[in-house]
Amino acid sequence: MRMMRQLASAVRSAWALAVLALFCTAASPAADKTVASATVRPARVREQRRVAMKDGTSVAVCLAKPPGARRGQRFPVLFTTDAYAGPCGYFGRAWYEDFVRAGYVVAYLHVRGTGDSDGTFPDKEYSDHELDDAVEMIGWLAKQPWSTGRIGMFGTSWSGFNSMMVAARRPAALRAIVVNVGTDNVYHEDARFPSGIFHMDDYIMSADLMLVTTPSGRDPFDETLLQQRFDQQPWSLTYLRQQRDGEFWRRRLRRDVNPQAAEVPTMMIGAWHDPYRDAVLRALERSSGPVRAVIGPWNHSTEFPGPSAELGRAALEWWDHFLKDRNNGVLKRPQVHVYMRRPYAPVITRAMIPGEWRAVERWRDAPIEERRWALNADRSIGSTAGPAGEHRLRMVPSTGVAAGLGWIDVAPDQRTGDSTALVYESAPFTAELQILGQPVAQLVTAIDARRANWFVKLSDVAPDGTTTLITGGAINGAHRESSTEPAMMMPGRRYTLSVPLLATSWIFQPGHRLRISVANALFPAYWPSAEPVTMSLGVGEGGSSVTLPAIAPQSAAAAAAAAAAMGSRNVTVAEAEAAATGASAYTWNGPVRSSHSRDDIASTTTVSRGYQWLNPDGEDVSVEFTVDDDDPARSSRGGRSFVKSEWQGQQVEWRGTTEVRSDATAFEYRHFRQLLRDGKVVREREWKERIPRDHQ
């Protein structure tokens with residue numbers, strides 16, 4: 001899930017990088033020069049091959065071989081695949097060049113129906129065809145004369161997702177995988193229905209058009225290609241029809257429903273400002289095979305904000321052990337390296353996060369102690385519950401703009417958004433408190449409607465009142481017992497809802513306070529529930545609470561050793577604040593074009609966003625989110641995108657519009673797609689459908 005906003009040498013490659021995950025930002029190696037390999041040029045591809053799948057479909061695979069490879073020499077192969085169809089010679093990370101130089105063949109497969117691969121555009125992400133082809137390609141790679149028959153699979157976001165999914169199928173030649181910001185729980189953690197709640201964003205709207213465009217070097221007006229790509233149903237419509245969890249999403253790929261999915265040795269790379277970080281802890285806790293994990297301070301780029309780390313080196317140690325039988329001690333070293341964040345001012349384009357690296361020998365034995373904090377009637381948070389009480393809150397559907405598009409990236413100051421939530425704060429800390437793991441909120445609550453969502457934010461309040469978002473979580477009340485069989489709530493009935501917050505690290509400093517805010521909306525990250533809601537929250541004795549995973553501080557020597565092991569460094573608060581402005585202009589909470597407006601007469605709030613992926617003339621996507629505070633059922637999302645190129649002297653332009661509006665009972669969906677040649681429309685398609693709200 002997927003927007004690596006990095007520039008490349010062509011429109012197609014720029015898009016491949018721009019959407020290489022669903023929630024992310026560009027990073028500049030200049031922001032932190034810890035990793036020298038970040039500046040290495042991508043490997044020169046020696047060949048591109050076409051391989052016939054068993055059904056006869058010809059797919060394209062790019063192969064990069066080690067420099068100086070001799071005829072008859074064999075190498076292990078590292079394999080990756082996605083639908084972004086980037087050009088041969090670039091595999092998504094500059095440090096992947098290290099893999100080739102270290103004696104591996106790198107193979108990049110264009111998913112069938114995308115890029116240079118033939119076939120019909122996939123009916124969804126991680127389709128059965130995509131996974132079947134990946135398994136077949138692993139078998140093909142293992143049999144090549146330059147292959148040792150040992151295959152590793154790796155990837156970032158999309159290709160990290162399918163690495164886990166392919167591993168669950170246990171192809172014989174697959175020996176290990178490396179997953180960079182990915183998840184195996186596609187329904188609850190990916191971009192369509194996070195926490196069971198409908199979500200739309202820039203990627204979803206732009207993918208409806210940009211993933212079906214024809215790559216450079218192929219005729220964009222070819223009738224067969226147009227039928228196979230341009231004419232195919234937009235994914236946003238496919239997913240809107242699947243509003244609850246089930247086999248469409250799972251396909252026995254999750255570790256909690258299929259233990260076999262966790263047997264292949266797995267290295268997980270996560271980021272504290274990325275929405276997929278829970279998958280790292282799940283792999284550590286539920287895998288039956290070897291697991292190693294790194295979680296840094298980054299967003300979806302795994303590079304920004306800093307400090308960066310030598311992730312390429314860490315991955316190579318993993319590959320060398322499992323694909324080259326090197327006794328390098330990788331399984332005897334600490335299983336986990338995490339970056340413990342310290343408080344920082346909520347500057348969304350900051351270059352550096354203060355904190356320190358920490359090594360954990362074995363995650364299941366980590367000295368983490370659960371500490372329960374009660375929410376009290378006097379709006380305090382304490383280790384002891386006070387007298388029982390109840391607080392009430394009328395939902396303001398536009399609540400949450402300060403949280404951005406979800407639990408992603410560095411968010412701005414939370415004070416504005418918290419003004420329309422129930423807020424509880426601890427007394428100032430008198431000693432340092434460190435947390436590492438997954439906080440969980442227990443809400444004792446009732447509503448005067450049949451459906452509602454709950455959002456819990458955990459923040460750090462500095463002595464001057466500045467409020468920095470640490471993590472958060474959400475739950476669709478209809479999914480309180482099951483996301484496969486949701487059920488409406490009974491008005492007035494009191495429920496106890498368990499709301500897991502996304503995994504996090506934090507070091508509370510003396511003088512700072514812990515804040516918990518609870519609301520029924522988080523706009524525009526989540527689609528508002530369909531009814532006006534007044535929520536009551538039980539507090540004090542027998543009431544709501546939050547449990548934090550506390551861990552004892554480490555020594556300065558241990559922190560220094562952990563940083564050295566990651567090829568990184570620890571950063572003081574002063575150093576981080578001195579480097580407050582980052583190199584990235586593209587963050588989910590502060591894009592190139594962004595505005596927030598309020599119409600008090602109509603009681604509506606609108607958030608507008610826009611990007612140029614490569615340049616203002618080549619590609620663009622703009623989106624607009626609107627919500628009605630008086631009638632939350634009346635919400636809308638609209639997105640427009642275009643891609644321009646040239647073919648044999650002709651100007652080519654693809655245009656796409658995706659619109660979704662809701663009322664109390666249904667979503668009104670429309671997608672309109674056009675292809676123009678020299679400014680004249682030569683093909684267009686439209687999809688319109690009214691889709692019932694399924695417990696949304």
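The values are calculated or read from the model by the stated rules, or taken from the named source; none is laboratory data. Since we're looking at a predicted model, the values are computed, not measured. Cβ: placed from backbone, ideal geometry, glycine included. Neighbour counts: every protein chain shown. SASA here: full protein model, heavy atoms, side chains in, ligands and nucleic acids out. Shrake-Rupley method; radii C 1.70, N 1.55, O 1.52, S 1.80 Å.
Summary table below
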read-out	value
Strands (runs of 3 or more DSSP E) wholly inside segment 625-696 containing at least 1 residues that are within 21 Å of M200 (Cα to Cα) and over 29 Å from the mean Cα position of the chain (by Cα)	680-692
Of all residues in segment 423-457 being aliphatic (A, V, I, L, M) and touching a Lys or Arg at 6+ places or on another chain (Cβ under 8 Å), the one that is most open to solvent (accessible area, probe 1.4 Å)	A427
Residue count for segment 522-570, restricted to those that are under 28 Å from I353 (Cβ atoms), crowded, with 20+ Cβ neighbours inside 10 Å and among the small types (G, A, S)	4
Residue in segment 89-107 that is modelled with pLDDT of 60 or more, touching a Pro at 6+ places or on another chain (Cβ under 6 Å) and of a type in the set (A, V, I, L, M) present	yes
Verdict on R70 being part of a loop (DSSP other than H, G, I, E, B) and open to solvent by less than 30 Å² (accessible area, probe 1.4 Å)	no
Scope segment 259-272; condition open to solvent by 10 Å² or more (accessible area, probe 1.4 Å) and modelled with pLDDT of 95 or more; matching residues	P265
Residue satisfying all of: in segment 503-521; more than 30 Å from L284 (Cα to Cα) and assigned to a loop (DSSP other than H, G, I, E, B); most open to solvent (accessible area, probe 1.4 Å) among these	P510
Residue check, G639 touching a strand residue (DSSP E or B) at 6+ places or on another chain (Cβ under 9 Å), open to solvent by less than 30 Å² (accessible area, probe 1.4 Å) and modelled with pLDDT under 90	no
Candidates A421, A449 - the one that is touching a residue at least 40 places away in the same chain (Cβ under 8 Å) and over 29 Å from F248 (Cβ atoms)	A421
Candidate set: segment 284-294, residues that are in contact with an Asp or Glu (Cβ under 8 Å, 6 or more places away or on another chain) and under 26 Å from T484 (Cβ atoms); chosen: the one surrounded by the most Cβ atoms within 10 Å (Cβ to Cβ)	S287
Any chance T416 is under 29 Å from R192 (Cβ atoms) and either among the hydroxyl-bearing types (S, T, Y) or free of Cβ contacts under 8 Å to residues at least 60 places away in the same chain (or both)	yes
Filter result (touching a strand residue (DSSP E or B) at 6+ places or on another chain (Cβ under 6 Å) and touching a residue at least 40 places away in the same chain (Cβ under 8 Å)) within segment 642-662	F642, V643, K644, S645, V652, W654, R655, G656, T658, V660, S662
Where a residue in segment 97-113 is on the phi > 0 side of the Ramachandran plot and its partner, wherever it lies, is β-branched (V, I, T) and open to solvent by less than 10 Å² (accessible area, probe 1.4 Å), with Cβ under 6 Å and at least six apart	none
Residue count for segment 523-565, restricted to those that are more than 30 Å from T665 (Cβ to Cβ), in contact with a strand residue (DSSP E or B) (Cβ under 8 Å, 6 or more places away or on another chain) and among the aliphatic types (A, V, I, L, M)	12
Any hit, segment 149-167, residues being open to solvent by 10 Å² or more (accessible area, probe 1.4 Å), over 27 Å from A478 (Cβ atoms) and either in contact (Cβ under 8 Å) with a residue 40 or more places away in the chain or out of contact with any Pro (no Cβ under 6 Å at 6 or more places or on another chain) (or both)	yes
Residue count for segment 663-696, restricted to those that are free of Cβ contacts under 8 Å to residues at least 24 places away in the same chain and open to solvent by 60 Å² or more (accessible area, probe 1.4 Å)	7
Only one of P275, P297, P234 that is open to solvent by less than 10 Å² (accessible area, probe 1.4 Å) and either of a type in the set (K, R) or within 23 Å of L458 (Cβ to Cβ) (or both)	P297
Neighbours by Cβ (under 7 Å, 6+ apart or cross-chain): first from segment 556-574, of a type outside the set (F, W, Y); second open to solvent by 60 Å² or more (accessible area, probe 1.4 Å)	A563/R569; G567/R313
Top-ranked residue of segment 168-211 - restricted to ones that are without any contact (Cβ under 8 Å) to a residue 60 or more places away in the chain and over 15 Å from the mean Cα position of the chain (by Cα), ranked as surrounded by the fewest Cβ atoms within 10 Å (Cβ to Cβ)	A172
Residue match in segment 231-246 (condition: closer than 23 Å to G119 by Cβ, modelled with pLDDT under 90 and either in contact with a His (Cβ under 6 Å, 6 or more places away or on another chain) or hydroxyl-bearing (S, T, Y) (or both))	no
All positions within segment 180-209 that are of a type in the set (S, T, N, Q) and either touching a Leu at 6+ places or on another chain (Cβ under 9 Å) or closer than 20 Å to A293 by Cβ (or both)	N180, T183, N185
Sole exception among (1) polar (S, T, N, Q); (2) in a loop (DSSP other than H, G, I, E, B); (3) farther than 26 Å from V280 by Cα for Q228, by number	(2)
Options P145, P122: the member that is under 17 Å from P66 (Cβ atoms) and over 20 Å from the mean Cα position of the chain (by Cα)	P145
Residue under evaluation P500, criteria (1) surrounded by fewer than 22 Cβ atoms within 10 Å (Cβ to Cβ); (2) out of contact with any Asp or Glu (no Cβ under 9 Å at 6 or more places or on another chain), criterion not met	(2)
Test result for S117, free of Cβ contacts under 8 Å to residues at least 24 places away in the same chain and open to solvent by less than 10 Å² (accessible area, probe 1.4 Å)	no
